[in-house]
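**Student:** Okay, here's the structure, questions in a sec.
Every number here is computed from the coordinates shown, using simple stated rules; none is lab data. Keep in mind that what you see is a predicted model, and the values were worked out from it rather than measured. Because the Cβ atoms are built from the backbone with ideal geometry, glycine has one as well, and the counts that use them run over all protein chains shown.
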């Protein structure tokens, strides 16, 4: 495990189109499928990362709170699952089912989507407004597996609350920290 902070790309950057396979529904999901909402949360996660495992329950609570308010959520796993079999599509489905993910869990087998978004770690979060412009990139909250702070999603909740009230999230955003994406050789 290599501790890696997210890349803080410029706010206002346009979302990149993608179409990836959802292990939960068995269908392909595209960015265009998510656009008819007030905001889109794109999460780069995986199954084996201790940083993701630590916040998984909060990701479910967060999505269950904000989906009814008009926010779309999607999780993308870009790890090389040949080298890391815990992150295989079969195991993604097991994790998504066990945790009752209320969002699609997509396989980025070619790792092109992670590269297009400049995602480098798990978890890595990007929130786009209704115009598909980047409004937030950074951490979920201050909780880490090594500290005693409970995961409450406060940073992403604050960003979503701002967007939903017609405001821009604070530009002071802290990078997410987690395991590096496992790139194919």
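**Student:** For the stretch 55-70, which positions are closer than 25 Å to residue 115 by Cβ and in contact (Cβ under 8 Å) with a residue 60 or more places away in the chain?
**Tutor:** Answer for the stretch 55-70, where residues must be closer than 25 Å to residue 115 by Cβ and in contact (Cβ under 8 Å) with a residue 60 or more places away in the chain: 55, 59.
**Student:** Within the stretch 72-93, track down each residue that is assigned to a strand (DSSP E or B) and over 29 Å from residue 37 (Cα atoms). So that I can check it myself, show each step before the final result.
**Tutor:** Of the stretch 72-93, the ones assigned to a strand (DSSP E or B) are 72-77.
Within the stretch 72-93, none qualify.
**Student:** In addition: Might you check whether a residue that is within 21 Å of residue 33 (Cα to Cα), assigned to a loop (DSSP other than H, G, I, E, B) and in contact with a strand residue (DSSP E or B) (Cβ under 8 Å, 6 or more places away or on another chain) occurs anywhere in the stretch 145-166? Before the answer, list the steps.
**Tutor:** Keep residues of the stretch 145-166 that are within 21 Å of residue 33 (Cα to Cα), which gives 160, 163-164.
Restricting the remaining residues to those that are assigned to a loop (DSSP other than H, G, I, E, B) gives none.
The answer is no, given that none of the residues of the stretch 145-166 is within 21 Å of residue 33 (Cα to Cα), assigned to a loop (DSSP other than H, G, I, E, B) and in contact with a strand residue (DSSP E or B) (Cβ under 8 Å, 6 or more places away or on another chain).
**Student:** List the number of the failed condition for residue 60; all other conditions in (1) assigned to a helix (DSSP H, G or I); (2) touching a helix residue (DSSP H, G or I) at 6+ places or on another chain (Cβ under 7 Å); (3) more than 21 Å from residue 178 (Cα to Cα) hold.
**Tutor:** Condition not satisfied by residue 60: (3).
**Student:** If we keep just the residues of the stretch 113-137 that are assigned to a helix (DSSP H, G or I) and in contact (Cβ under 8 Å) with a residue 40 or more places away in the chain, which is farthest from the chain's Cα centre (by Cα)? I'd like the intermediate steps shown before the answer.
**Tutor:** First pass over the stretch 113-137, keeping only residues assigned to a helix (DSSP H, G or I): 113-117.
Narrowing further to those that are in contact (Cβ under 8 Å) with a residue 40 or more places away in the chain: 113-114, 116-117.
On the way: 113: 12, 114: 11, 116: 14, 117: 11 Å.
Of everything passing the filter in the stretch 113-137, 116 is farthest from the chain's Cα centre (by Cα).
**Student:** Which members of the stretch 142-167 meet the condition of being on the phi < 0 side of the Ramachandran plot, touching a residue at least 60 places away in the same chain (Cβ under 8 Å) and surrounded by 14 or more Cβ atoms within 10 Å (Cβ to Cβ)? Even if it seems obvious, please write down each step before you answer.
**Tutor:** Initial filter on the stretch 142-167 (on the phi < 0 side of the Ramachandran plot): 142-152, 154-165, 167.
Filter once more, keeping what is touching a residue at least 60 places away in the same chain (Cβ under 8 Å): 143-145, 151-152, 156-157, 160, 163-164.
Result: 143, 144, 151, 152, 156, 157, 160, 163, 164.
**Student:** Quickly run through the stretch 24-65 and pick out the residues that are closer than 17 Å to residue 163 by Cβ, in contact with a strand residue (DSSP E or B) (Cβ under 7 Å, 6 or more places away or on another chain) and surrounded by fewer than 16 Cβ atoms within 10 Å (Cβ to Cβ).
**Tutor:** 38
**Student:** Quick one: count up the residues across the stretch 102-119 that are crowded, with 22+ Cβ neighbours inside 10 Å and either out of contact with any strand residue (DSSP E or B) (no Cβ under 7 Å at 6 or more places or on another chain) or within 19 Å of residue 155 (Cβ to Cβ) (or both).
**Tutor:** 3
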